[in-house]
1. For the chain, what D do you get in µm² per second when you plug the Kirkwood radius from alpha-carbon pairs into Stokes-Einstein at 25 °C and 0.890 mPa s?
2. Assign unit charges at the C-beta atoms only (+1 for Lys and Arg, -1 for Asp and Glu), then state the dipole size of the chain relative to its Cα centre in Debye, rounded to the nearest 20.
3. Need one number for region 160-266: average projected area of the convex hull over its C-alpha atoms, nm².
4. Shape call for region 138-181 from the C-alpha gyration tensor, a ≥ b ≥ c root eigenvalues: rounded (a/c under 1.5), prolate (a/b greater than b/c) or oblate?
5. Shape verdict for region 222-276, please, from the Cα gyration tensor: rounded (a/c under 1.5), prolate (a/b greater than b/c) or oblate.
6. Looking at the chain, which longest stretch skips every one of the chymotrypsin sites (Phe, Trp or Tyr not before Pro) that is in a DSSP loop with at most 15 other Cβ atoms within 10 Å, leaving the sites themselves out?
7. If you plug each phi of region 89-94 into the Karplus form 6.51 cos²θ - 1.76 cosθ + 1.60 with θ = phi - 60°, what whole-Hz ³J(HN,Hα) values come out, in order, with x for Gly and Pro?
8. Enumerate the amide H contacts of Ala168 below 5 Å, restricted to partners 5 or more residues apart or on another chain; note that Pro and chain-start residues carry no placed amide H.
Amino acid sequence: MSALAQRSETADGYRARRTLPLRVELVRQLKRRRTLVMGAILAVLPFVLVIAFVIGRPGERNGQVTLMDTATASGANFAAVNLFVSAGFLLVIPVALFCGDTVASEANWSSLRYLLAAPVPRARLLWSKLAVGLGMSLAAMVLLPVVALAVGTAAYGWGPLELPTGGALSPGTAAQRLVVVVAYIFVSQLVTAGLAFWLSTRTDAPLGAVGGAVGLTIVGNVLDAVTALGHWRDFLPAHWQFAWADAVQPHPEWGGMIQGTVVSTTYALVLFALAFRGFARKDVVS
């Protein structure tokens, strides 16, 4: 701890835990243009898909029905399809953006050192940044299916979730399963959040942190496609990113989601720990 921080600890009314409140950090991030643009993109996607289904024509199923084939069956099906088409890449971007831009942007604006001189303890600053970044990432993942469910219900009606394997889930059960799906997608993206946040503490270039996290996530997806790796792919978070499909079944299977949760949280905790450890020792000059 610096001499300034030590002296400030004894100042009347100073409490380290009261510095940089989450409310203040949240308001700052919500007002940023990139937050508004990202929210608009996620909100517009369901409308784009509705137009695509109106313009397009259903193809031949050849006896095999996929989740995409059931998109227009009900609002619940449409919401599930939106998650399916966006979970692999689109939802990676807000996570990388909100967690990777947060610290690096302060350094890029040369305001990071002034926050620390306030004095805001380094761990406190990172906790505030990380909590808001993860909260906004979760909000982005909730926004998409909520808008998709509303748009899909308006376009295709409220009804059960028809399953590609046959059968259907009642609207109430379908809503519960979609909540599970969103929760699992969020957990599976913690690795991207950890990568972005760690890189954000290592660089003064926000695009470098965001792009690096997205790039490494893509590398993981590519490696998972290499079947020659065999069981080694089980240690890749990307290998389990679509395990949530097991929840959209008449009788859900939890094994894949449990393994995916363990792998993702393990990687994420290591990356978060590296971010805090490295930033505590970093010479902040910007």
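1. Numbers: Rh = 20.6 Å.
For the chosen part, D equals 119 µm²/s.
2. 1220 debye
3. Its average projected convex-hull area is 8.0 nm².
4. Numbers: a/c = 2.29, a/b = 1.36, b/c = 1.68.
Taking the square roots of the gyration eigenvalues as a ≥ b ≥ c, region 138-181 is oblate.
5. Values: a/c = 2.86, a/b = 1.32, b/c = 2.16.
Note, shape of region 222-276 comes out oblate.
6. Values: sites that count: Tyr14, Phe89, Trp109, Trp158, Trp254.
Counting only loop sites that pass the neighbour cut-off, the longest clear stretch is 159-253.
7. Going residue by residue, I get 9, 4, 6, 5, 5, x Hz, with x marking Gly and Pro.
8. Placed amide hydrogens put Leu163 under 5 Å from Ala168.
The values are calculated or read from the model by the stated rules, or taken from the named source; none is laboratory data. Everything numeric here is computed off the predicted structure, so don't read it as measured data. Glycine also receives a Cβ, built like all others from the backbone with ideal geometry; neighbour counts cover every protein chain displayed. With ligands, DNA and RNA removed, areas are computed over all heavy atoms of the protein, side chains included. Shrake-Rupley method; radii C 1.70, N 1.55, O 1.52, S 1.80 Å.
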